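A short write-up of the structure that comes next.
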Amino acid sequence: MRAGRITAAVVAGLLVVGIASPSAASAANEPQARPATYPAVTVASALASLDVKGRAPKTGYSRDAFGPEWKDVDGNGCDTRNDILHRDLKRTRITNGCEVLSGLLSPDPYTGQTNVYVHGHSTVDIDHVVSLSDAWQKGAFRWTEIRRTSFANDPLNLLAVDYSANRQKGDGDAATWLPSNRGYWCPFVARQVGVKARYDLWVTAAEKLAILRVLTRCPGQLLPTGS
């Protein structure tokens, strides 16, 4: 590794993830945030640290390979889906101290519009910003199920978004899909790069080029730090 290169492990230490932290079972597999102040890292610097390779085969991929669909990884009594709804929605109504019954997604990051969440009748999805399939083809196929479960429930990689935009995105990366809300392009690629740096995933050449094009709009964009 060349001198001065920001490694994925270093970037992982800079990402402070709120709401849910990796479970004790996955502690050995997950880089841990530290209770200290760290210098900001630009998306461009983190992107430069990622390996560039082609996609691995999708052979063997399934949603089940990433553990239960939503899990209470931080032991707070709420599954990850409700944790993210708590974080991203406004004016929420909650039952049993956990389950979100309704709320407003305002604005939706992918479309810029206001969306109403109603439990059981919603047009709001929880999106994996780096999709599970994309992660599988760029390194996650080599992981343990514990690490994949941690990835699938990591708040850094999760956003409440418009369901139709989420379906349009599918398992695409930045080379094949960007939000219709152009104002969110920079935060979107910043989150993708942050996730890939945290988990030591690679990018394709086309994906890296697409991210660099976005970063011409925001060359000083920083990695997200959580809250």
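Can you tell me what percent of all Cα-Cα pairs in the stretch 95-167 are more than 18 Å apart? Here the tail beyond 18 Å accounts for 49 percent of pairs.
Separation between the S106 and K58 pseudo-spin-labels, each 7 Å from Cα along Cα→Cβ, expressed in nm? If labels sit at S106 and K58, their model points lie 3.8 nm apart. If R0 equals 41 Å, the separation of the Cβ atoms of V118 and A48 corresponds to a calculated FRET efficiency of about 0.40.
Coupling constants for the stretch 68-75 follow from the phi torsions by the Karplus curve (6.51 cos²θ - 1.76 cosθ + 1.60, θ = phi - 60°), and in residue order they are x, 4, 9, 10, 8, 6, 9, x Hz; glycine and proline get x. In this calculation the C-beta distance from T144 to T225 is compared with R0 = 35 Å, giving a FRET efficiency of 0.85.
Counting 0.36 nm for each residue step from L212 to Y163 and taking away their Cα separation leaves a gain of 14.9 nm. Note on D74 and A40: the extension gain reaches 9.6 nm, defined as 0.36 nm multiplied by sequence separation minus the Cα-Cα distance.
Each residue of the stretch 137-153 was assigned a 3J(HN,Hα) from its phi angle through the Karplus curve 6.51 cos²θ - 1.76 cosθ + 1.60 (θ = phi - 60°); the sequence is 6, 10, x, 5, 4, 8, 7, 6, 5, 4, 5, 5, 5, 4, 4, 5, 10 Hz, with glycine and proline shown as x. Treating each Cα of the stretch 72-134 as one equal point scatterer and applying the Debye formula with no solvent, the log10 of I(q)/I(0) at q = 0.12, 0.14 Å⁻¹ comes out as -0.31, -0.42. Rounded is the label for the stretch 166-227, because a/c, from the alpha-carbon gyration tensor with a ≥ b ≥ c as root eigenvalues, stays below 1.5. The three principal axes of the C-alpha atoms in the stretch 81-227 carry coordinate ranges of 45, 37, 27 Å, sorted with the longest axis first.
Read-outs: derived from the displayed coordinates by stated rules, not from any lab. Quantities reported herein were computed from a predicted structural model and do not represent experimental measurements. Here the Cβ is made from the backbone with ideal geometry for all residues, glycine too, and neighbour counts use every protein chain on show.
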